[in-house]
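These notes are about the structure you will find just below.
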Amino acid sequence: MLKKLLVANRGEIAVRVIRAAKDLGIKTVAVHSAADATSLHVLLADEAVNIGPPAAKKSYLNIDAIIEAAKSTGCDSIHPGYGFLAENATFSDAVTAAGLVFVGPSGDAIRLMGDKVSARSAAAAAGVPVVPGSTGRVEGIEAARHILIDTGFPVMIKAAAGGGGRGIRIANNLAEFEQAFPQAEAEALAAFGDGGLYMEKVIGKARHIEVQVLADGKHAIHCYERECSLQRRRQKVWEEAPSRALSEELREELCGSAVALAKAVGYSGAGTVEYLYDDEANRFYFIEMNTRIQVEHPVTEAITGIDLVSEMLRIAGGEPLRIRQKDVSVRGHAIEVRINAEDPSKDFAPFPGTVGDLRLPGGPGVRFDSMLYPGYQVPPFYDSLLAKLIVHGETREAAITRLVRALGELKIDGMKTTKPLFLALAADPSVQAGDVHTRWLEGWLNDNAAKLAD
């Protein structure tokens, strides 16, 4: 078992990892920027190290500073959380080269699955269906035009090294395509330092469904699926588990394909295999694998009772995977909504500030993962995520009812948040019926802006 863990992140995920480590008797070290000196993860850790100024590039993305902090405090391991360096193969390699344990997959696995083209190839080789499109990186716009013969329109142009919904363009006709392709190349190069592109057919009214896997490099299991179809600008806002769209037969096939892929690439740790599901054709297609813990992992924990972060730490500490597939089952339904410091009535403009009166929801089936406390100054330098509200009920309908109750209890004075969005969504008939897709929310927002004023 690991003895002392450095958490190379901030905010609610750093708090989540620190708590899991302490539950296992592991000492913890928090790293922080100058802007986060009073953040909750710093206050909860056994030790804390300032690794630089507020800019993430000079602190949370500073590999040398993080590894030096781990060495100077006697850590034997580093957990990257999500975002920042979590899917950075160079960071994983550097941690290992420093004689420390990286809580996650190897640099080679991150490299393989982080490149969207090689990930598609690995998925296809493992027998996992992939969205029709280019078989590899597209070498220039002339080659791209030939691929259009197979994909047709609309087509999605995507950054090979992309993630988080960035580096994507959709073209509905040839004129849009001719304009979008060079734009996508420039954006990919600027965002990821890699201008490589690939192309995929756009699946109309697709659902976004992902499968949680756990693996130890030899064995792998799935912890069933989550649906994340409610998205704004390709960023998830509402996640739930399980998906109401799948039959039991299709669920078994989908989850089995995720396990096959994890085994094929020798995966170790917690990971998520993401798919598009075509409701009309009743087919699913692999799109990518996230080689880290996900923001929405608590909904899987709620329906399975498995502490995914603790299992990551156990596996990283050398324990073989201790959970067998036959021991994993689904109980009830869970929903997570992301409470961001944003004003939804003003196109989700960031709204950092100081937390005033704070009232957190509680009671049966309610979990609130956050970094908040009264008087905390939310810095303007990072992602606007403040907290995640997770509810669990016997049925999906019961979970939505509980979500409304918990949102009613939640009070965060001092700033605007996305709470009004979720109250409005929970009251919408299409959401209540689960009749949504990945582009549904954008249309709904255009028609319901007046409902989002707090």
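Rule-based calculations on the coordinates, nothing more; no lab input. Since the model is a prediction, treat every value here as computed from it, not as a measurement. Neighbour counts are summed over all protein chains in view; Cβ atoms, including those assigned to glycine, are modelled from backbone coordinates with ideal geometry.
With both labels modelled 7 Å from their Cα along Cα-to-Cβ, the Lys58 to Asp435 distance reads 5.4 nm. Look at the Cα gyration tensor of segment 275-331: its axes a ≥ b ≥ c give a/c of at least 1.5 with a/b over b/c, and that counts as prolate. Charges were assigned to the Cβ only: +1 to each Lys and Arg, -1 to each Asp and Glu. The resulting dipole of the chain about its Cα centre is roughly 660 debye. Place a point 7 Å from Cα of Ser329 in the direction of its Cβ. Which residues in segment 223-240 have their backbone N less than 12 Å from it? Nothing falls inside the zone, counting backbone N under 12 Å.
So which GluC sites (Glu not before Pro) in segment 255-348 are both in a DSSP loop and have at most 16 other Cβ atoms within 10 Å of their Cβ? Write down the numbers at each step before the final one.
Numbers: sites: Glu274, Glu280, Glu288, Glu296, Glu301, Glu311, Glu336, Glu342; in loops: Glu280, Glu296.
Listed in order of number, the matching sites are Glu280.
In angstrom, the C-alpha Rg and Dmax of the chain are 21.3, 60. Using the Cα gyration tensor of segment 115-218, with a ≥ b ≥ c the square roots of its eigenvalues, what is the shape: rounded (a/c below 1.5), prolate (a/b larger than b/c) or oblate (neither)? Judged from the Cα gyration tensor, segment 115-218 comes out prolate (a/c at least 1.5, a/b above b/c). Between Asp383 and Leu43, the contour length at 0.36 nm per residue exceeds the Cα-Cα span by 120.4 nm.
How much length, in nm to one decimal, is gained on full extension between Thr135 and Glu248, taken as 0.36 nm per residue of separation minus their Cα-Cα distance?
Numbers: separation 113, 0.36 × 113 = 40.68 nm, distance 3.08 nm.
Taking 0.36 nm per residue and subtracting the Cα distance, the gain is 37.6 nm.
As a calculated quantity, the FRET efficiency between Asp357 and Leu148 at R0 = 51 Å, using C-beta atoms, amounts to about 0.35. Whole-percent P(r), segment 4-103, all Cα pairs, 5 Å bins from 0: 2, 16, 29, 29, 18, 6, 0.
Within segment 106-197, the GluC sites (Glu not before Pro) that combine a DSSP coil assignment with at most 15 other C-beta atoms in a 10 angstrom radius are Glu139. Summing charges over neighbours of Val7, with a neighbour being any other residue whose Cβ is under 13 Å away from its Cβ, gives +2 when K and R count +1 and D and E count -1. Counted residue by residue at 0.36 nm each, then reduced by the alpha carbon distance between them, the extension gain from Lys263 to Asp447 reaches 61.8 nm. The GluC sites (Glu not before Pro) of segment 343-432 that meet both conditions, a loop assignment by DSSP and at most 13 other Cβ atoms within 10 Å of the site Cβ, are Glu394. Rg then Dmax, both in Å and based on the Cα atoms of segment 206-452: 18.2, 53.
Label-to-label distance for Ala34 and Glu397 is 5.7 nm, based on points extended 7 Å past Cα in the beta-carbon direction.
Could you tell me which of rounded, prolate or oblate describes segment 368-454, using a ≥ b ≥ c as the square roots of the eigenvalues of the alpha-carbon gyration tensor, with rounded for a/c under 1.5 and, failing that, prolate when a/b is larger than b/c and oblate otherwise? Oblate is the answer for segment 368-454, as a/c is 1.5 or above yet b/c matches or exceeds a/b. The alpha-carbon of Lys263 sits under 23 angstrom from the alpha-carbons of these lysines, leaving out residues fewer than 8 places away in its chain: Lys116, Lys218, Lys326. Per-residue ellipticity at 222 nm from helix content only, as computed over the chain with -39500 (n - 2.57) for each DSSP H run of at least four residues, stands at -10000 deg cm²/dmol. Between the C-alpha center of segment 226-241 and that of segment 86-157 there is a gap of 22 Å. Taking a spot 7 Å from the Cα of Lys346 along the direction of its beta carbon, which residues of segment 413-444 have an amide N less than 15 Å from it? Residues 414-418 fall inside that zone.
Between segment 381-454 and segment 329-374, the C-alpha centres lie 10 angstrom from each other. Given +1 at the Cβ of Lys and Arg, -1 at the Cβ of Asp and Glu and no other charges, the dipole of segment 132-201 around its Cα centre is 180 debye to the nearest 20.
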